[in-house]
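Shown next, in structure tokens, is the structure this report addresses.
Every read-out reported here was derived from the displayed coordinates using simple, explicitly stated rules and does not represent laboratory data. The model shown is predicted, which means the values in this text are computed figures rather than measured ones. Here the Cβ positions follow ideal geometry from the backbone for every residue, glycine too, while neighbour counts run over all protein chains shown.
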Amino acid sequence: MYEFLKEFHSGWAYGALLLLVVAVVNAIVGLVGKKEFTAKDRKIAIFGLIGTHTQLLIGLILYFVSPLGFSSLGNMADKALRLTSLEHPLMNIIAITLITVGWSKHKKLTTSESKFKTFTIFYTLGLLLILSRIPWSLWI
């Protein structure tokens with residue numbers, strides 16, 4: 001089960017990152033181009049949200065069954081173990097929280113500019129945090 005979850009988490013990451021990048025680019029284009037916020041823009045943003053939440057769910061399950069996850073939490077001297085057992089999960093939880101806050105905040109806004117701006121800020125911050133803590137040596 002561990003191997004399947006590990007491969008699924010790694011494979012789904014490509015899709016989740018792609019969805020999030022598309023949502024960020026769409027928000028920036030909408031903001032800079034002063035476009036009207038449409039149902040298509042909302043769908044793009046929610047697909048980014050769903051992709052990252054799915055990745056988080058898979059990652060949390062993997063965290064507790066992986067030898068590089070929760071069971072390695074006490075070994076903070078090893079940089080690689082610290083990344084997989086503390087930094088990667090913590091930063092991704094923070095990132096996905098920011099993405100979720102951006103989604104929630106946009107629902108209360110009335111202007112297209114403010115919706116695009118909210119998505120641009122929160123989704124971009126989430127994307128940057130996710131990219132900063134990907135264990136590249138294990139992933140590629």
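Report, by residue number, each residue of the range 9-20 that is touching a residue at least 60 places away in the same chain (Cβ under 8 Å) and surrounded by fewer than 15 Cβ atoms within 10 Å (Cβ to Cβ).
none
What single numbered condition from (1) under 19 Å from residue 53 (Cα atoms); (2) over 18 Å from the mean Cα position of the chain (by Cα) fails to hold for residue 114?
(1)
Test residue 137 against the criterion of being in contact with a Phe, Trp or Tyr (Cβ under 8 Å, 6 or more places away or on another chain), part of a helix (DSSP H, G or I) and free of Cβ contacts under 8 Å to residues at least 60 places away in the same chain, and give yes or no.
Answer is no for this residue.
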